[in-house]
Amino acid sequence: MAENNIPKVYDPKLFEKKWYQYWEENNYFHAEVDKDKQPFSIVIPPPNVTGQLHMGHALDNTLQDILIRFRRMQGYNTLWMPGCDHAGIATQAKVEAALKEEGTGRYELGREKFLERVWEWKEKYGNRITSQLRSLGSSCDWARERFTMDEGCSRAVREVFASLYEQGLIYQGTRITNWCPECNTAISDIEVEHETEKGQLWHLRYQVEGSDEYVEIATTRPETMFGDTGVAVHPDDERYKHLVGKTLILPLVNRPIPLFADEYVDPSFGTGAVKVTPAHDPNDFEMGQRHNLEQVKVIENDGTMGEGAGKYAGLDRYECRKKLVAELKEQGILVSVEEHEHAVGHCSRCHTTIEPLVSKQWFVKMDSLAKPAIEAVKSGRIKFVPERFAKIYINWLENIRDWCISRQLWWGHRIPAWYCDNCGQVTVARDDITHCSHCGSENIRQDEDVLDTWFSSGLWPFETMGWPEETAELKHFYPTSVLVTGYDIIFFWVARMVMMGLAFGGDVPFRQVFIHGLVRDSEGRKMSKSLGNGIDPVEVVDKYGADTLRFMLITGNTPGNDMRFYWERVESARNFANKIWNASRYMLMNLEGSDRQFVPTATDFTLADKWILSRYARTVQEVTANLEKYELGEAARAIYEFIWSEFCDWYIELTKARLYDKDNERPKQTALYVLGYVLEHTLRLLHPFMPFITEEIWQKLPHEGDSIMIAPWPTLEENLLHDEAEAAMAAIMDTVKTVRNLRSEVGAAPGKKSEVLIHLLDEDLRRVFAENRDYIATLATAEPVTLMPTDAPKPENSLTGVVKGAEIYLPLKSLIDVDKEKSRLAKEGEKIAAEIDRLTKKLQNESFTAKAPPQVVEAERHKLQTAQEKQKTLAERLAYLAKL
RNA sequence: GGGGUUAUAGCUCAGUUGGUUAGAGUGUCUCGUUGACAUCGAGGAGGUCACAGGUUCGAAUCCCGUUAACCCCACCA
């Protein structure tokens with residue numbers, strides 16, 4: 001038999017790879033510009049080219065794939081642009097680590113050889129992440145795959161750099177920058193992570209020249225004292241007024257330094273006197289500028305002490321601190337030590353403590369770029385989902401400082417600036433040059449540094465579309481429709497793209513920004529390598545399949561909020577897949593040998609058919625509306641509930657009688673038709689969420705077309721909406737639940753059928769029940785089911801249940817436990833009394849009846865009526881039982 | 001120092017413009033193996049929606065305050 005071909009248990013291994021290959025081979029992911037269709041485009045947040053997929057990627061790409069597949073099915077001209085980022089520091093660090101293993105390093109190799117090694121590394125590991133994205137089901141247009149260091153992107157980078165330079169928005173400057181001694185490069189402000197640390201505040205005394213007087217200063221970094229070129233106090237500080245203008249002697253070094261007044265100093269902190277080290281502190285740097293102080297560099301780029309530190313030269317800065325403090329103590333210069341909490345900057349990549357150092361770097365002036373970027377969000381040209389992130393974005397841009405874009409690395413876009421050793425001219429050019437633009441000398445050399453990785457990723461939405469060429473893609477797909485990313489990257493990437501997009505792309509880079517949260521571990525901690533608490537998405541795909549992982553990531557996910565990873569939730573998602581699998585299996589088994597051309601007429605449809613079709617139509621509405629609002633979790637929940645709680649739990653059960661009845665072909669065919677219709681369409685709704693299982697089943701079902709992924713998205717079919725059928729089914733379902741409930745409460749024997757008497761209060765409902773008596777019999781293990789005439793006496797010695805419009809009796813003869821039943825009824829009576837009380841008060845409230853909308857008041861009246869009927873019945877039953 | 005988020009069942013979380021008897025998953029308890037599925041079915045227990053005010057006919061939902069946890073930003077040595 002054919003059904004033997006369908007495994008009893010859902011096993012994604014059997015088909016996920018196959019279908020991905022099928023989709024890719026048939027070019028379904030590929031988008032050509034089609035001006036007749038509305039575009040829908042997304043650029044992928046480019047993962048690090050040699051990186052590995054983590055849960056963050058899995059979530060991010062699942063969200064994007066859902067949106068893309070949804071819009072593709074809706075008929076948009078859909079482009080999902082994929083690609084990778086060269087990830088300057090990260091990639092270089094990996095290759096350097098590998099070289100270290102071999103006992104060599106990048107300086108030994110030299111720039112050219114080193115870069116060859118990095119490209120080799122990129123070739124070796126560059127496919128890993130994209131193949132992992134494929135295993136997730138991501139329907140990227142791989143034919144268009146880009147890399148931030150490919151020719152086109154490199155050209156875009158040089159164009160933007162040169163253009164900004166010409167506009168005076170890129171400049172070179174010597175100033176304090178954040179220096180990472182480990183990565184050996186300058187980094188930008190946002191690459192510094194501030195953490196509060198317990199440290200000490202050392203109080204030192206500096207002697208006033210030609211006097212016995214001392215000035216006590218407080219510092220957190222005593223080793224920088226060798227670079228002190230002054231001491232500052234507040235101008236209004238009475239303690240020091242008489243000393244302003246005097247000279248102090250820098251201890252150990254015995255260098256004279258001035259004591260001056262500056263508004264910056266906070267008299268209430270420490271001693272009110274600050275040692276000033278312009279070469280190693282940003283504030284001191286600025287004070288130094290104001291007071292013309294010398295910059296004495298005493299910490300080298302590698303974090304060791306320089307020559308200025310005298311005998312400490314060559315020592316690591318912390319080693320120096322230890323020894324220096326001992327010496328200061330011995331010499332009586334150290335007055336006291338205070339425990340002190342303060343924020344210390346760390347490199348976001350290697351977590352080394354940042355040393356502020358003076359160096360020559362390239363900067364981007366931000367003010368004029370930031371302004372339009374702020375405006376674009378304020379005016380609503382770009383919308384954040386959820387909205388609160390707009391505030392964070394605006395606040396950051398309003399307080400932005402210039403961006404240090406040069407990095408002392410080799411892997412990246414080399415800065416297109418050349419220095420002439422003959423005349424000193426700096427030339428910035430779009431293409432490599434061979435001689436100086438000023439004097440024509442060939443004695444020129446290119447700047448050694450490369451650009452911050454985020455400089456090129458900032459151009460991503462338009463450089464991938466072919467910019468600076470005016471390509472058809474650029475015209476059609478730019479601005480992109482939506483950017484999907486985590487909140488942790490708003491400053492690094494989102495803001496930069498908006499600024500660059502507006503400055504060079506000619507428009508905002510995207511219309512919407514859909515922000516998601518982080519995937520944390522089960523204890524709410526961030527997944528990290530150092531904690532070892534990361535869950536590998538590839539492992540989850542291997543064990544449970546991509547559909548399961550995707551559905552797990554999407555359930556309960558709310559825009560912008562973090563979520564936790566639980567294996568239990570993975571299993572729950574897998575169970576859902578299995579449920580769909582088996583519901584389909586049920587249908588397919590029964591489809592064998594049936595007439596696939598059969599189309600029922602209106603009179604063939606049963607109540608259950610009309611009901612499920614109506615429920616299906618509402619599900620279409622709900623899922624579509626939620627997807628359009630980026631409420632993907634809600635959309636998924638709606639499908640889940642429809643499939644499990646309505647289609648499987650009720651509808652399938654109600655088709656069994658027809659399907660197993662060999663003698664009546666037409667009802668069976670009708671049931672199969674409806675099953676097929678609802679299942680096939682529901683699979684389409686589910687496809688963006690679970691692409692593989694939906695394709696696998698869809699291909700087995702009667703269908704039109706070559707793939708579910710290009711099947712049209714279901715639209716609302718108003719003719720399927722059927723309020724009466726829904727109401728009637730609701731009444732029947734309530735009745736079934738009540739009977740099951742009663743049976744369970746008295747411990748009725750599971751297989752043994754109960755006699756059920758139903759007293760209907762309404763003639764219409766009575767007809768519905770009469771026509772569908774079988775539903776109750778089958779689903780509630782009831783027989784016989786008797787519908788009592790309205791004027792019939794209430795049966796005695798029965799369990800009683802009340803639903804809207806009907807009273808239900810289960811005569812239990814001698815089986816009844818009177819006390820138990822009494823207390824059950826009493827309990828229910830309390831509930832209903834409270835409800836009546838609440839409703840009565842509400843309705844007696846004249847302002848409610850006057851001000852609330854009439855349909856709301858009516859609904860409340862109706863509720864009260866129902867409740868009162870129920871109470872009456874309960875009271876009767878209770879009275880009866882009391883007599884026993 | 002500034003800003004933000006969260007607080008709902010034992011646990012993890014939904015609840016989108018104020019009108020539900022406040023839901024789901026998971027856990028827990030009782031019962032259930034004949035043809036979709038034990039990765040299942042039926043039923044039960046479990047919540048003063050953090051606390052205190054306010055707006056409103058009506059608040060888990062809107063406003064104010066308090067408390068707690070978390071996060072981001074920030075050049076007090």
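When region A:33-59 is limited to residues that are loosely packed, with under 13 Cβ neighbours inside 10 Å and touching a helix residue (DSSP H, G or I) at 6+ places or on another chain (Cβ under 9 Å), the one that is nearest to residue A:705 (Cα to Cα) turns out to be A:34. Taking region A:17-59 as the range and being touching a residue at least 12 places away in the same chain (Cβ under 8 Å), outside any loop (DSSP other than H, G, I, E, B) and within 20 Å of residue A:77 (Cα to Cα) as the test, the residues that pass are A:23, A:24, A:39, A:40, A:41, A:42, A:43.
Residue-wise test of (1) modelled with pLDDT of 90 or more; (2) surrounded by fewer than 17 Cβ atoms within 10 Å (Cβ to Cβ); (3) farther than 25 Å from residue A:430 by Cα.
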{"position": "A:153", "(1), (2), (3)": "yes, no, no"}
{"position": "A:161", "(1), (2), (3)": "yes, no, no"}
{"position": "A:166", "(1), (2), (3)": "yes, yes, no"}
{"position": "A:170", "(1), (2), (3)": "yes, no, no"}
{"position": "A:186", "(1), (2), (3)": "yes, no, no"}
{"position": "A:191", "(1), (2), (3)": "yes, no, yes"}
{"position": "A:203", "(1), (2), (3)": "yes, no, yes"}
{"position": "A:223", "(1), (2), (3)": "yes, no, yes"}
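The sole residue among A:332, A:310 that is out of contact with any strand residue (DSSP E or B) (no Cβ under 6 Å at 6 or more places or on another chain), assigned to a loop (DSSP other than H, G, I, E, B) and either within 20 Å of residue A:205 (Cβ to Cβ) or among the aliphatic types (A, V, I, L, M) (or both) is A:332.
Return the residues of region A:648-669 that are part of a helix (DSSP H, G or I) and farther than 17 Å from residue A:778 by Cβ; say none if nothing qualifies. Let's see the steps before the verdict.
Kept after step one, since they are part of a helix (DSSP H, G or I), are these residues of region A:648-669: A:648-660, A:665-669.
Within region A:648-669, A:665, A:666, A:669 qualify.
Per the listing A:666, A:658, the residue uniquely in contact with a helix residue (DSSP H, G or I) (Cβ under 7 Å, 6 or more places away or on another chain), away from RNA strand B (no atom under 15 Å from the Cβ) and of a type in the set (D, E, K, R) is A:666. Among the residues of this structure, residue A:633 does not count as one that is on the phi > 0 side of the Ramachandran plot and either within 12 Å of RNA strand B (Cβ to nearest atom) or modelled with pLDDT under 95 (or both). For region A:345-403, a residue qualifies if it is among the aliphatic types (A, V, I, L, M) and over 29 Å from the mean Cα position of the chain (by Cα), and the qualifying residues are A:354, A:357, A:358, A:364. If you filter region A:312-336 down to residues that are surrounded by 14 or more Cβ atoms within 10 Å (Cβ to Cβ) and within 16 Å of RNA strand B (Cβ to nearest atom), you find that the one that is nearest to residue A:221 (Cα to Cα) is A:321. Note on region A:225-249: residues that are surrounded by fewer than 20 Cβ atoms within 10 Å (Cβ to Cβ) and within 26 Å of residue A:339 (Cβ to Cβ) total 2.
For region A:478-490, the criterion of being within 22 Å of residue A:156 (Cα to Cα), free of Cβ contacts under 8 Å to residues at least 40 places away in the same chain and not in a helix (DSSP H, G or I) is met by at least one residue. If you scan region A:541-561, which residues turn out to be near RNA strand B (Cβ under 7 Å from one of its atoms) and either among the hydroxyl-bearing types (Ser, Thr, Tyr) or not in a loop (DSSP other than H, G, I, E, B) (or both)? Correct list: A:558 only.
Among the residues of region A:778-809, write down those that are assigned to a helix (DSSP H, G or I) and of a type in the set (Val, Ile, Thr). First the steps, then the outcome.
To start, the set of residues in region A:778-809 that are assigned to a helix (DSSP H, G or I) comprises A:778-780.
Passing the criteria: only A:778.
Within region A:675-711, the residues that satisfy the criterion of being of a type outside the set (Asp, Glu), surrounded by fewer than 18 Cβ atoms within 10 Å (Cβ to Cβ) and under 12 Å from residue A:28 (Cβ atoms) are A:705, A:707, A:710.
Name the single residue that is farthest from RNA strand B (Cβ to nearest atom) among those in region A:562-571 being part of a helix (DSSP H, G or I) and surrounded by fewer than 16 Cβ atoms within 10 Å (Cβ to Cβ).
The residue in question is A:567.
With the structure loaded, tell me whether residue A:727 is in a helix (DSSP H, G or I), within 16 Å of RNA strand B (Cβ to nearest atom), without any contact (Cβ under 8 Å) to a residue 24 or more places away in the chain and within 50 Å of the chain's Cα centre (by Cα) or whether it fails that test.
So residue A:727 passes the test.
Taken over region A:847-866, the criterion of being loosely packed, with under 13 Cβ neighbours inside 10 Å and either of a type in the set (A, V, I, L, M, F, W, C) or within 8 Å of RNA strand B (Cβ to nearest atom) (or both) is satisfied by A:847, A:850, A:851, A:853, A:856, A:859.
Within region A:499-519, is there a residue that is closer than 24 Å to residue A:690 by Cα, within 14 Å of RNA strand B (Cβ to nearest atom) and surrounded by fewer than 18 Cβ atoms within 10 Å (Cβ to Cβ)? Scanning region A:499-519, I find at least one residue that is closer than 24 Å to residue A:690 by Cα, within 14 Å of RNA strand B (Cβ to nearest atom) and surrounded by fewer than 18 Cβ atoms within 10 Å (Cβ to Cβ), so the answer is yes. Scanning region A:609-629 for residues that are crowded, with 21+ Cβ neighbours inside 10 Å and either among the charged types (D, E, K, R) or touching a strand residue (DSSP E or B) at 6+ places or on another chain (Cβ under 9 Å) (or both) returns A:609, A:615.
Summed over region A:732-771, residues that are hydrophobic (A, V, I, L, M, F, W, C), over 15 Å from residue A:783 (Cα atoms) and within 12 Å of RNA strand B (Cβ to nearest atom) total 2.
Residue A:875 - would you say it is within 13 Å of RNA strand B (Cβ to nearest atom) and either touching an Asp or Glu at 6+ places or on another chain (Cβ under 8 Å) or modelled with pLDDT of 70 or more (or both)? Before you say what the answer is, go through the steps one by one.
On the way: within 13 Å of RNA strand B (Cβ to nearest atom): no; either touching an Asp or Glu at 6+ places or on another chain (Cβ under 8 Å) or modelled with pLDDT of 70 or more (or both): yes.
No.
Checking each residue in region A:259-276 for being more than 8 Å from RNA strand B (Cβ to nearest atom) and out of contact with any Lys or Arg (no Cβ under 6 Å at 6 or more places or on another chain) picks out A:260, A:261, A:262, A:263, A:276.
Just wondering, is there one or more residues in region A:377-387 that are closer than 20 Å to residue A:89 by Cβ and near RNA strand B (Cβ under 10 Å from one of its atoms)? The answer is no, given that none of the residues of region A:377-387 is closer than 20 Å to residue A:89 by Cβ and near RNA strand B (Cβ under 10 Å from one of its atoms).
Check region A:591-604 and report whether any residue there is hydroxyl-bearing (Ser, Thr, Tyr) and either near RNA strand B (Cβ under 9 Å from one of its atoms) or within 29 Å of residue A:134 (Cβ to Cβ) (or both). Within region A:591-604, none of the residues are hydroxyl-bearing (Ser, Thr, Tyr) and either near RNA strand B (Cβ under 9 Å from one of its atoms) or within 29 Å of residue A:134 (Cβ to Cβ) (or both).
Examine region A:268-279 for a residue that is surrounded by 15 or more Cβ atoms within 10 Å (Cβ to Cβ), touching a residue at least 60 places away in the same chain (Cβ under 8 Å) and hydrophobic (A, V, I, L, M, F, W, C), and state whether such a residue exists.
yes
Checking the condition within 12 Å of RNA strand B (Cβ to nearest atom), assigned to a helix (DSSP H, G or I) and modelled with pLDDT under 95, which residue from A:583, A:577, A:625 passes? Please lay out each step first, then the result.
On the way: A:583 fails: modelled with pLDDT under 95; A:577 fails: modelled with pLDDT under 95.
After applying the criteria, what remains is A:625.
Just one of the listed residues (A:397, A:409, A:369) is closer than 30 Å to residue A:349 by Cα, touching a helix residue (DSSP H, G or I) at 6+ places or on another chain (Cβ under 7 Å) and outside any helix (DSSP H, G or I), namely A:409.
The values are calculated or read from the model by the stated rules, or taken from the named source; none is laboratory data. What you are looking at is a predicted structure, and each value in this text was computed from that prediction instead of being measured. Note that we place each Cβ from the backbone using ideal geometry, even for glycine, and neighbour counts take in every protein chain shown.
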